Each structure stands twice: as structure tokens, then as C-alpha cells.
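*Asks:* Here you go, one structure.
Rule-based calculations on the coordinates, nothing more; no lab input. Worth saying up front: this structure is predicted, and the values here are computed from it rather than measured. FYI the Cβ positions are ideal-geometry reconstructions off the backbone, even for glycines, and counts take in every protein chain you see.
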Amino acid sequence: MLYLVGLGLGDAKDITVKGLEIVKHCRRVYLEAYTSVLTVGKEALEEFYGRELILADRETVEQEADNILKDADLCDVAFLVVGDPFGATTHSDLVLRAVKLGIPYRVIHNASIMNAVGCCGLQLYNFGETVSVVFWTDTWKPESFFDKIQKNKQNGMHTLCLLDIKVKEQSLENLMKGKKIYESPRYMSVNQAAEQLLAIVQNRRLQGEEPEVTENTLCVGLARVGAMDQKIASGTLQQMSTVELGGPLHSMIIAGNMHPLEIDMLKLFAVDESSFEDNECQRNT
């Protein structure tokens with residue numbers, strides 16, 4: 001059988017009891033290592049699980065999935081995913097390949113950033129479509145995610161922004177030359193995401209628009225959710241561009257209309273409480 005096992009968001013101990021039992025008896029155990037990371041490395045996981053882990057990067061999962069599934073109809077194989085196997089990133093292709101080969105599969109769920117963001121006090125059923133904010137380059141500065149944020153905002157909904165990570169990525173030059181040389185890992189911070197959003201706000205104004213999202217829109221910055229050193233900060237989009245939340249991974253929420261209880265919770269993490277006084281109009285009526 002193929003097992004897809006969620007690892008949760010913190011460290012090695014966040015795996016469920018059921019998941020740990022499966023890991024211990026599987027013939028091969030793969031660790032998906034490109035959509036998210038834990039606060040501890042592969043070695044810490046191996047020590048706690050008592051098993052050797054095989055790193056599965058994007059290339060392995062997308063181009064060599066057959067190697068992962070090899071003999072999975074004869075023995076048990078585990079595929080470990082930070083968060084939940086079908087949370088922020090789905091692994092439907094691996095499941096479909098397994099089914100096509102007649103290999104049964106089972107999913108062991110765990111906490112995902114998709115539901116753990118409730119720790120800031122915003123109610124999960126008030127969230128709209130989740131968006132991904134990608135790193136801009138000198139020649140590529142997409143704004144499509146901003147339109148989705150604006151749509152959520154118009155509907156009074158919060159937007160969870162998943163911030164880009166670059167792990168085992170090649171430069172365009174090395175990619176074109178076929179060189180297997182990889183860039184150093186990069187993880188987008190709340191500051192960087194806010195700066196890109198502020199730039200889009202300015203671009204839209206230059207185009208004659210008055211965007212729904214502005215410098216004064218209330219936001220929440222989250223870092224290392226689920227870890228012992230988790231950090232949360234709430235304030236305006238402008239404040240998010242300078243707030244210090246430390247190391248990865250970061251996420252950001254653009255707030256929509258808020259219930260008084262949501263506002264009271266966000267004030268616990270306020271960079272400056274006066275920001276909320278200026279945004280009382282965002283309360284639900």
C-alpha cells in the first residue's frame with residue numbers, strides 16, 4: 001500500500017500516533033522536500049522516527065514517481081508531507097498513478113496551514129480563495145493573485161496568502177544549459193510579500209484605479225505556525241512591510257470584514273492598536 005502521511009507544522013513530534021506507526025513498518029519512507037519545511041531537518045526526523053528517509057524533491061515527485069511507487073503493490077511505502085497531504089499542495093498525481101497501477105492507498109491527515117491560521121483569531125469560515133504570492137524577478141512581476149485578493153475583499157472575506165519558497169531551483173541560465181546547479185534556498189517573508197502588494201497598489205493607481213486593498217488595509221503576518229517560537233503580528237499592509245517575524249516559513253492574511261471578536265483577537269497581536277481604531281469601519285454590521 002501507498003501511505004500519504006501528514007507531518008503537521010512544527011517538529012518531528014507533530015506526526016500523529018497512527019502516522020508514526022505506519023512510518024516504522026514501511027519498507028521505504030520518502031520525505032517530500034519542496035512544498036514546505038519543518039523547523040527541524042531530515043536528521044531530526046530520522047532520529048525520532050527510527051527510520052532512514054529518502055528525500056523526494058520536485059524532480060523526483062514529478063518526473064520519477066514510478067520509482068516511488070515501485071513494488072508498492074508488494075510492500076508498504078510511505079510518502080511524508082509537511083502539513084496535510086491534501087492541504088496547501090495536493091499530491092493527486094501520485095494517487096492517480098497508484099490507482100492506475102492497482103496500488104491501494106491510504107491518507108493519514110494532520111494539521112495544515114490552511115486551518116492552523118485560525119490561531120490568529122480570524123474565523124476560518126470567513127476566508128475566501130487562498131492565493132500564492134510568488135517571488136518577482138526583474139522581468140516577471142505577475143499581479144493575478146492581487147485580483148483574487150480584491151475579489152475576496154469585495155465579498156468581505158479574508159485571504160490567506162501562501163508565500164513562495166524556492167528549494168532546489170535552477171537559474172534560467174543553468175536551466176537552459178542543462179547544468180544541474182541549484183540556487184540557495186529562499187523563503188519569502190511577510191515583509192517581501194507586503195512590499196510586492198504595495199507596489200501593485202501603486203501600479204493600479206497609476207492605471208487610474210482605486211484598489212480595494214490599500215496601505216491601510218488590516219493584515220496579519222504569521223511565522224513558523226505550530227512551532228514553539230511561532231510569531232503573529234497584526235497591523236496595516238504598510239506596517240507588514242517592516243515588521244520583524246524572524247526565520248521561515250511565513251504566511252500572510254489580508255483581512256476582510258471582521259466580527260468584533262475577530263478584531264479583539266487581532267488586537268492581541270497588534271503592531272500598533274491605533275491601526276484598529278482607524279479601521280473600525282471593517283466591523284461587520
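*Asks:* Quick one: which of Lys141/Lys231; Lys42/Lys70; Lys231/Lys267; Lys18/Lys231; Lys141/Lys166 span more than 20 angstrom between C-alpha atoms?
*Replies:* Working: Lys141/Lys231 28 Å; Lys42/Lys70 23 Å; Lys231/Lys267 14 Å; Lys18/Lys231 29 Å; Lys141/Lys166 16 Å.
Flagged as over cut-off: Lys141/Lys231; Lys42/Lys70; Lys18/Lys231.
*Asks:* Can you return the aspartates and glutamates within cross-link range of Lys153? Criterion is Cα-Cα under 17 Å, with same-chain partners fewer than 8 residues away left out.
*Replies:* Qualifying aspartates and glutamates at Cα under 17 Å: Glu129, Glu143, Glu209, Glu210, Glu212, Glu215, Glu262, Glu280.
*Asks:* Add +1 for every Lys or Arg and -1 for every Asp or Glu among the other residues with Cβ under 14 Å from the Cβ of Asn191, and state the total. If you can, show how the numbers build up before the last one.
*Replies:* Values: positive: Arg186, Lys231; negative: Asp164, Glu195, Glu244.
Here the charged neighbours net out to -1.
*Asks:* Count charges around Met114 for me, please; just the other residues with Cβ under 15 Å from its Cβ, Lys/Arg as +1, Asp/Glu as -1. Please list the in-between numbers first.
*Replies:* Details: positive: none; negative: Asp84, Glu129.
Surrounding charge for Met114 is -2.
*Asks:* Now for a different question. Using a Gaussian network model of the chain with C-alpha springs under 10 Å, which one of Asp84, Asp93, Asp76 is most mobile by mean-square fluctuation?
*Replies:* Top of the fluctuation ranking is Asp93.
*Asks:* Using only Cα atoms, find the angle between the long axis of helix 190-206 and the longest principal axis of the chain, and express it within 0 to 90 degrees, rounded to the nearest 10.
*Replies:* Tilt of helix 190-206: around 50 degrees.
*Asks:* Counting other Cβ atoms within 10 Å, which GluC sites (Glu not before Pro) in the stretch 184-285 have at most 16 and lie in a DSSP loop? Spell out each step's value before the answer.
*Replies:* Values: sites: Glu195, Glu209, Glu212, Glu215, Glu244, Glu262, Glu273, Glu277, Glu280; in loops: Glu209, Glu212, Glu215, Glu244, Glu273.
Filter output for the stretch 184-285: Glu209, Glu215, Glu244, Glu273.
*Asks:* Find the centroid of the Cα atoms in the stretch 105-169 and in the stretch 27-69, then give the distance between the two in whole Å.
*Replies:* Rounded to whole Å, the Cα centres lie 24 Å apart.
*Asks:* From the alpha carbon gyration tensor of the chain, can you work out the equivalent ellipsoid semi-axes (sqrt of 5 times each eigenvalue) and give them in Å, largest to smallest? Mind dumping the intermediate values first?
*Replies:* Numbers: eigenvalues 269, 99, 57 Å².
Ellipsoid semi-axes (Å, largest first): 37, 22, 17.
*Asks:* With the contact rule set at Cα under 8 Å and sequence spacing of 6 or more, what percent relative contact order holds for the chain? Let's see the in-between values first.
*Replies:* Details: 530 pairs, mean separation 51.8, N = 285.
Answer for the chain is 18 percent.
*Asks:* Based solely on C-alpha atoms, express the radius of gyration and the Dmax of the stretch 1-69 in angstrom.
*Replies:* 11.7, 31
*Asks:* Right, next: At 222 nm, what value in deg cm²/dmol follows for the chain if DSSP H runs of at least 4 each add -39500 (n - 2.57) and the sum is divided by all its residues, to the nearest 500?
*Replies:* On the way: 12 runs with 91 residues, N = 285.
Taken over the chain, the calculation gives -8500 deg cm²/dmol.
*Asks:* Calculate the FRET efficiency for Thr214 and Glu129 from the Cβ-Cβ distance with a Förster distance of 22 Å, rounded to the nearest 0.05. All intermediate terms of the calculation are to be shown ahead of the outcome.
*Replies:* Working: r = 20 Å, r/R0 = 0.91.
The value I calculate is 0.65.
*Asks:* For the stretch 66-157, what log10 I(q)/I(0) values come out of the Debye formula at q = 0.22, 0.24 1/Å, with one point per alpha carbon and no solvent?
*Replies:* Per q value, in the given order, log10 I(q)/I(0) is -1.09, -1.19.
*Asks:* Starting from 0.36 nm per residue, how many nanometres of slack lie between Leu74 and Arg186 once their C-alpha separation is accounted for? Mind dumping the intermediate values first?
*Replies:* Working: separation 112, 0.36 × 112 = 40.32 nm, distance 3.87 nm.
Additional length available on full extension: 36.4 nm.
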